[in-house]
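Data block below; observations after.
Each value in this text was obtained by applying a stated rule to the coordinates, not by laboratory testing. Quick caveat, the model's predicted, so the values are computed rather than measured. Backbone-built Cβ (ideal geometry, glycine too); neighbour counts: all protein chains shown.
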Amino acid sequence: MHYAKELTALTVKINLEEKFMKNKIILAGILVIILVSGCTQLEPVKNNGAADNQNRTKDNSDNGSAPKTFSLSEIAKHNNADDCWLVLSGKVFDVTEFIPSHPGGTAILEGCGKDATELFENRSMGSGTPHSDNARTLRENYFIGNLQ
C-alpha cells in the first residue's frame, strides 16, 4: 500500500512535469511568433518612392552641406508625368513618384516644370481651398533644393 501511494505520487509528479514541459513548448512557440512578426514590422517602409527620391537629389542637410539650387529654366525641363519638378514657396520638389498617389488625380500635372505655389495654395483645379497641413508635411519628402 505504501508503494502504491508513492507510485501514485510519482505518477502525478510526472504528469505535472509533462504538462509543464508542454506549456514551456507552447510558450516558446508563442514567443517565436511574436519575435518573427515583430521583426517583419521593422522592415523599411516605402513612401511612394519618397525615400529613394531623397537619396537621389536631396540636400543631406544632416551632413552639413547646403541644399542644391535650381533655376526656373532648369525646373522647366521637368514638365511632365514622367519627370515632374515644381516650385512651392521658393522650394523645389521632385514629385514624379507621388503623381500616382496624388489625391487630386492629375491636377498635380498642372504644376510640373513651373512655380506652382499659387496652384498649391488655391487648388484652382479642385476645391479652391489651400492644401492641408498633412499635404504640406508630405511634400517635404520630395524636397530636392531651392529656387535660385
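Starting from 0.36 nm per residue, how many nanometres of slack lie between Ser132 and Asn80 once their C-alpha separation is accounted for? Spell out each step's value before the answer.
Working: separation 52, 0.36 × 52 = 18.72 nm, distance 2.41 nm.
This chain segment gains 16.3 nm when fully extended.
Figure the gain on full extension for Ala107 and Leu147 (residue separation times 0.36 nm, minus the Cα-Cα span) and round it to one decimal in nm.
Fully extending the segment from Ala107 to Leu147 adds 12.2 nm.
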Next on the checklist: Taking the number of other C-beta atoms within 10 Å as the exposure measure, put Val95, Val87 in order starting with the fewest.
Outcome noted: Val87, Val95
Checklist entry - Which ³J(HN,Hα) values, rounded to whole Hz and listed in residue order, are derived for region 74-88 from phi using the Karplus coefficients 6.51, -1.76 and 1.60 in 6.51 cos²θ - 1.76 cosθ + 1.60 with θ = phi - 60°, glycine and proline given as x? => result 5, 5, 4, 6, 10, 10, 8, 5, 8, 6, 10, 10, 8, 9, 10
Checklist entry - Non-local amide H neighbours of Asn146 (under 5 Å, H modeled in plane, Pro and chain starts lacking H): which ones? => result Lys68, Thr69, Phe70, Val92
Item to check | J(HN,Hα) series, region 95-104, from Karplus relation 6.51 cos²θ - 1.76 cosθ + 1.60, nearest Hz, glycine and proline x | outcome: 9, 3, 5, 8, 3, x, 9, 4, x, x
